[in-house]
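The values are calculated or read from the model by the stated rules, or taken from the named source; none is laboratory data. Remember, predicted model here, so these are calculated numbers, not experimental data. As a convention, Cβ positions derive from the backbone with ideal geometry for all residues, glycine included, and neighbour counts pool all protein chains shown.
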Amino acid sequence: MKKFLKVLEPPLRYAYYSIPDYLRYGKLFREKYNYLEKSQYYSEEKNKQKQLKMLQDLIKHSYETVPYYRKLFNELQLKPKDIKSLEDIKKIPYLTKEIIRDNYNELLSNQYSKDCLRTVRTGGSTGEPLSFYVEDYKDRAIEWAYVSHLWSRVGYNVRKVNKRVILMGEQINSGLFHYKNRDLIMSSFKLTEHNIPEYLKEIEKYNPDFIHCYPSSIFIIAKFIIENRYTINLKNLKAILCVSENLSEMQREAIYEAFNKRVYSFYGHSEHACIAGECEKSELYHIEPFYGYTELINDGKEVKQEGELGEIVSTSFLNYAMPFIRYRTGDIAINTNKKCECGREYKIIKKIEGREQEFIVTKSGNKVMLTGSYKILHGLNNKIFAGQFYQDTEGILILKIVPRNIYQAEDADYIYKEFREKFGNEIKLKVEKVASIERTNSGKFKFLIQKLQVK
């Protein structure tokens, strides 16, 4: 498909991208999307029966065609027929990034030629990028079916053309933004306090249906709108679609105040083992049951208590070329046992809390999540353009801030006071003024740069 698009002249490419997703992404997309629409209100029992069948098929395929799993199962004296329930998956050890790197070729199914596959490389937010194989067309079509199905809860319509502003990490060589196919692409790398009015002017001119963005980037624009009492006129805007970063409550509130539209967040990762999206009826995340089987694990045990933290461990039902079974994502979520009023009988999580590498380490060696620390800076929002925590020593945390002209010395005293009230004497804070906050390779503002190995 990508080769086909490259040979098209610009007018034909534009015409191609002006076709609604439902037609443009082909038969596989339509079949999966229609099934997701039909199955979303299945009973919990029917969901589990379907999951078990998908799990058993994956296990059988992995045992028969993947050298790593055949060897592992034989060492465990485990056969595919031994997986008789979803609970039986716990008989299989976790798959980690280290295991994937050490057994890269052995994890590839012998039913696939590398010539027919695409290599995916993760962003390496923990400092360790990961590579793996997927079926190119199948992966793209099915992934977009799931994403657009989640977005449909806030008005995304695959049978129509949806105009998006995309404010993420694309590099733009000339200018601040450009039009690509039917989308307005705006670079988070070039987003500064000085040029926000230019961003807003172009967004208003384009009048999108959705703004698809990093939370940190749209939050900067939202703060500008609020502080300058800027009236933004977007008649067609239906929702703000936040991706790839944790969305804090402070960010959510500011973005909603600025745009007066639903702020929608969903969870996914490059490995495509788990996907979850907020409900139209609440801010709870529904985990899609046929995308993969997901467990929340803490200290080797499944998390079951309300509000308990657990690592997302997922088994992908999508990637048969390089199966990921009980893959440790490193992402931390908050469990809930509640049922959602929407009627979907999915596994639900309250919130994505972050990654293991987004914990800080106290002087006594304890791990502490920086939850709520955005609020420490919230009282100084009009005095600080951006802030970022940095840790490379246990018990010591550096806060880098980009101050505005009205920032005063006593404002640092306020930060120290608020931080002590939250963390006591377990963390020593140092505030440093900097000219700018460096983005990641994918254009994100990271709230915490953690150099310690937090596991």
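Numerical summary
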item	result
Restricting the range 336-383 to residues that are within 13 Å of S248 (Cα to Cα) and assigned to a loop (DSSP other than H, G, I, E, B), the residue that is modelled with the highest pLDDT	L370
Where a residue in the range 301-321 is in the same structural domain as V120 (by TED's automatic domain parsing) and in contact (Cβ under 8 Å) with a residue 12 or more places away in the chain and its partner, wherever it lies, is assigned to a loop (DSSP other than H, G, I, E, B) and aliphatic (A, V, I, L, M), with Cβ under 6 Å and at least six apart	G310/V303; S314/A273; T315/I325; S316/A273
Matching residues in the range 148-173 - criterion: being β-branched (V, I, T), crowded, with 18+ Cβ neighbours inside 10 Å and touching a residue at least 60 places away in the same chain (Cβ under 8 Å)	V154, V158
Test set (1) in a loop (DSSP other than H, G, I, E, B); (2) in contact with a strand residue (DSSP E or B) (Cβ under 6 Å, 6 or more places away or on another chain); (3) at pLDDT 95 or above - L237 fails condition number	(2)
Residue identified as charged (D, E, K, R), assigned to a helix (DSSP H, G or I) and at pLDDT below 95 among R153, R140	R140
Among residues of the range 420-455, those that are within 29 Å of N405 (Cβ to Cβ) and part of a strand (DSSP E or B), counted	8
Neighbours by Cβ (under 6 Å, 6+ apart or cross-chain): first from the range 229-251, touching a residue at least 12 places away in the same chain (Cβ under 8 Å); second part of a loop (DSSP other than H, G, I, E, B) and surrounded by 21 or more Cβ atoms within 10 Å (Cβ to Cβ)	S244/Y214; E245/Y214
Failed item in (1) at pLDDT below 95; (2) in contact with a Pro (Cβ under 8 Å, 6 or more places away or on another chain), with V158 passing the rest	(1)
Residue list for the range 405-455, restricted to those being touching a residue at least 24 places away in the same chain (Cβ under 8 Å) and basic (K, R)	K422, K428, K430, K433, R439, K444, K446, K451, K455
Residue within the range 8-28 that is more than 21 Å from R140 (Cβ to Cβ), modelled with pLDDT under 95, among the charged types (D, E, K, R) and assigned by TED's automatic domain parsing to the domain that holds F317 present	yes
Strands (runs of 3 or more DSSP E) enclosed by the range 284-333 - at least 2 residues per element that are under 11 Å from H272 (Cβ atoms)	309-316
Residue satisfying all of: in the range 199-247; under 19 Å from the mean Cα position of the chain (by Cα) and among the aromatic types (F, W, Y); farthest from H272 (Cα to Cα) among these	F219
Verdict on Y407 being over 22 Å from F219 (Cα atoms), modelled with pLDDT of 85 or more and either β-branched (V, I, T) or not in a strand (DSSP E or B) (or both)	no
Checklist (1) under 30 Å from K339 (Cβ atoms); (2) touching a residue at least 60 places away in the same chain (Cβ under 8 Å); (3) part of a loop (DSSP other than H, G, I, E, B) applied to Q51, failing item	(3)
